[in-house]
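**Q** Mind looking over this structure? Questions follow.
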Amino acid sequence: MKKKVLITGITGSIGKVIAKTFIDNGYEVFGTGRNSNKIEKIKSELNIENIIKIDFLNTDFKPLLPDDFDILINCAGIYDYCETQKADEKKISEILKLNLEIPISLSKFVIPKIKEKKWGRIINIGSISGSVGEACAVAYSASKAGLIGLTKSLALELAFDNITVNCINPGWVDSDITNNFLSEDEKTETLDMIPQRRFIEPREIADLCLYLASDNAKGLTGQSINLCAGLSLG
Ligand SMILES: NC(=O)c1ccc[n+]([C@@H]2O[C@H](COP(=O)([O-])OP(=O)(O)OC[C@H]3O[C@@H](n4cnc5c(N)ncnc54)[C@H](OP(=O)(O)O)[C@@H]3O)[C@@H](O)[C@H]2O)c1
């Protein structure tokens, strides 16, 4: 039987590619998105029906989602770049809720079934900002650092149940977030700071998710993996 994967943020630059990779490799994919137009577009692009519209900041997801999954990929996330003294309180709460509290709640939601099956995978999409810190992105970095704590703690808790939990921390990705936040000049400056002088491709994140979901990766748990073209090396 096909393994069932729940991917949040399937309408985003990275979630979409993760979904396609899992579909192409024989998994049954369920996704969540927030924007109806994007959901319809991705449904036809990926040829799947199971994309559920959820705004995690304003809706209780529990009545909207089935709870029987083998794999959970927490990918939905928001970013903000702002000096801390000027940061908007509402935005801080939204970032912490979507990027950290919702992955905890979704983990709680899927754990009973994957524990019953004695097999499961939870993969969190963090960020290099949570791993090494990022100036003027305090709430975002804190939320992603929190995901690393969640990953290690849950991995310990579920180790005996044959469930692995890992966190992938991408550096700058060739994506809408990067394109919307950086001007052309800033992109050039950013590339100069990255040892490999390139942005990570969404495909690289998707392929790592696929490996972490595989049986070959059964010994890899509780890890915070920097996928960042060398950015974390300083
Ligand atoms: N892009 C990068 O350079 C980069 C680097 C490091 C880490 N990451 C992380 O990678 C993940 C995916 O990023 P991305 O580049 O694919 O971002 P993206 O293109 O902006 O996509 C974000 C996704 O999150 C969903 N989302 C946003 N607010 C939501 C809400 N309130 N409720 C439910 N869903 C919501 C969006 O849904 P709609 O589009 O339908 O609104 C979309 O599917 C994020 O966790 C991000 O922090 C990204």
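The values are calculated or read from the model by the stated rules, or taken from the named source; none is laboratory data. Note that the structure is predicted; figures quoted are calculated from it, not measured. Don't worry about glycine lacking a Cβ; one is built from the backbone with ideal geometry, like all the others, and counts go over all protein chains shown.
**Q** Is region 108-122 home to any residue that is in contact with a helix residue (DSSP H, G or I) (Cβ under 7 Å, 6 or more places away or on another chain), within 12 Å of the ligand (Cβ to nearest atom) and within 16 Å of PHE30 (Cβ to Cβ)? Outline the logic, then answer.
**A** Within region 108-122, the subset in contact with a helix residue (DSSP H, G or I) (Cβ under 7 Å, 6 or more places away or on another chain) is 109, 115, 118, 120-122.
Okay, now just the ones that are also within 12 Å of the ligand (Cβ to nearest atom), so none.
Within region 108-122, not a single residue is in contact with a helix residue (DSSP H, G or I) (Cβ under 7 Å, 6 or more places away or on another chain), within 12 Å of the ligand (Cβ to nearest atom) and within 16 Å of PHE30 (Cβ to Cβ).
**Q** Give the number of residues within region 126-166 that are over 19 Å from GLY219 (Cα atoms) and outside any helix (DSSP H, G or I).
**A** Final tally of qualifying residues: 7.
**Q** Check PHE69, PHE56 and return the single one that is within 20 Å of LEU147 (Cα to Cα) and modelled with pLDDT of 95 or more.
**A** Only one candidate passes the filter, namely PHE56.
**Q** For residues in region 179-234 being within 25 Å of ILE122 (Cβ to Cβ) and of a type in the set (D, E, K, R), which is surrounded by the fewest Cβ atoms within 10 Å (Cβ to Cβ)?
**A** Checking each candidate, the answer is ASP215.
**Q** Looking only at strands (runs of 3 or more DSSP E) that fall completely inside region 1-106, which ones have 2 or more residues that are within 11 Å of the ligand (Cβ to nearest atom), within 29 Å of PHE199 (Cα to Cα) and in contact with a Ser or Thr (Cβ under 9 Å, 6 or more places away or on another chain)?
**A** Those strands (runs of 3 or more DSSP E) span 28-33, 71-74.
**Q** Any residue at all in region 202-220 that's within 21 Å of the chain's Cα centre (by Cα), assigned to a strand (DSSP E or B) and either at pLDDT below 95 or more than 10 Å from the ligand (Cβ to nearest atom) (or both)?
**A** no
**Q** Follow-up. Taking interchain pairs and intrachain pairs at least six residues apart, which have beta carbon atoms under 6 angstrom, with the first residue in region 189-200 and within 14 Å of PRO170 (Cα to Cα) and the second within 12 Å of the ligand (Cβ to nearest atom) and in a loop (DSSP other than H, G, I, E, B)?
**A** ILE194/ALA229; GLN196/ALA229; ARG198/ALA229; PHE199/TRP172; PHE199/ASP174; ILE200/GLY171; ILE200/ALA229
**Q** Another question, if that's okay. Go through region 203-234 residue by residue and tally those that are closer than 11 Å to GLY171 by Cα and of a type outside the set (A, V, I, L, M, F, W, C).
**A** Final tally of qualifying residues: 3.
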